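First comes the structure, then the notes that go with it.
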Amino acid sequence: SHMTAQSNTTIPSAELQKAGRVYAEMLGRVQQGDMTVDFRTFRVAGALKSGPHASALETDERTAFRTIMASGDSTGALDSAKRALERNCASPIAQYDAMAAYQTLGKTVEAAAHETILNALLDSIRQSGDGKSPETAYFVVTVQEEYIFLNRVLQVRATSQSWVKKDGHFYDRLLVPESTTNQPQYLWFNADFDAHTVPAAIAAVKDGLLATTTAIRPGAAPETPALGDPPTAI
């Protein structure tokens, strides 16, 4: 069963320890090439064990990686991605950055290994829903997961984002162009996990009301990963 999303400030230490054990067990299996693990549970356990504000941590890591990569220091960028993986190897963003850095360095075997894990992590998001309604929203752990999923799996870019609380659940509602007609449509992402690890976000939205303006929840500013660009531009 999937772990329940709770605030890391109130979650019992025993459950945090359990998350650490689950993460370590799954990480060991993945590192041995076992792609049969429950990658959704792996993502949740990785975020839990690494502490609160998973979105903010991931955003900071991505900013650092892009800054170093833009300077032309591919080895330094790889080191940055490895530090992010040491914190949470279940982060799709960290896996993507490691893949991109290895590609830039011409190390195709290592890049392919990270791409395999990245695709499995993203597939666990794809399997969680269809994004067409709150009831069938994609389940994500962090804001960055939303944007890498949009770019790499759905190959679309959001034009706006609304923070929504509805029927006791928290969502990101993203406006994106429909792929064939280019007409606008909404995609829904269940953000319960991230909301409960960023308590200020919960207080920012009244029960049952859609956000009236595009709003990014506190401590979790998204950044489009520019996944369609060549590695040097990431």
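The values are calculated or read from the model by the stated rules, or taken from the named source; none is laboratory data. Quick caveat: nothing in here was measured; it's all calculated off a predicted structure. Cβ: placed from backbone, ideal geometry, glycine included. Neighbour counts: every protein chain shown. Heads up: the accessible areas ignore ligands, DNA and RNA and are worked out on the full protein's heavy atoms, side chains in. Shrake-Rupley method; radii C 1.70, N 1.55, O 1.52, S 1.80 Å.
Given the peptides 142-154, 53-65, arrange them by the average over their residues of other C-beta atoms within 10 Å, most packed first.
Top of the packing list down: 142-154, 53-65.
Between residue 123 and residue 79, what is the FRET efficiency for a Förster distance of 30 Å, r being their Cβ-Cβ separation, to the nearest 0.05?
The pair residue 123/residue 79 has a calculated efficiency of 0.60.
What is region 48-143's relative contact order, in percent, from Cα pairs under 8 angstrom and six or more apart in sequence?
21 percent.
Once the piece of chain linking residue 34 and residue 71 is laid out straight, how much longer is it, given 0.36 nm per residue of separation minus the C-alpha distance between them?
Taking 0.36 nm per residue and subtracting the Cα distance, the gain is 9.8 nm.
Which whole-Hz couplings ³J(HN,Hα) result when phi for each residue of region 44-57 is put into the Karplus expression 6.51 cos²θ - 1.76 cosθ + 1.60, θ = phi - 60°, listed in order with x for Gly and Pro?
5, 4, x, 5, 5, 5, 8, x, x, 6, 4, 5, 5, 4
Once label points are set 7 Å from the Cα along Cα→Cβ at both residue 169 and residue 60, what is their separation, rounded to one decimal in nm?
3.1
From the protein chains alone at 1.4 Å, what is the descending order of accessible area for 188, 163, largest first?
Largest accessible area first, the list is 188, 163.
How far, in nm, would the chain grow between residue 181 and residue 105 when pulled straight, counting 0.36 nm per residue and subtracting the alpha carbon separation?
The span from residue 181 to residue 105 would gain 23.5 nm if fully extended.
Take the residue pairs 82/165; 107/132; 49/166 and return only those whose Cα atoms are more than 32 Å apart.
Flagged as over cut-off: 82/165; 107/132.
Dipole size in debye (nearest 20) for region 44-169 around its Cα centre, Lys and Arg Cβ +1, Asp and Glu Cβ -1?
140
If r is the Cβ-Cβ distance from residue 86 to residue 130 and R0 is 30 Å, what FRET efficiency results, to the nearest 0.05?
Between residue 86 and residue 130 the formula returns 0.30.
Ignoring ligands, DNA and RNA, what accessible area per residue does region 25-109 give at 1.4 Å, in Å²?
Computed with neighbouring chains in place, this is 41 Å² per residue.
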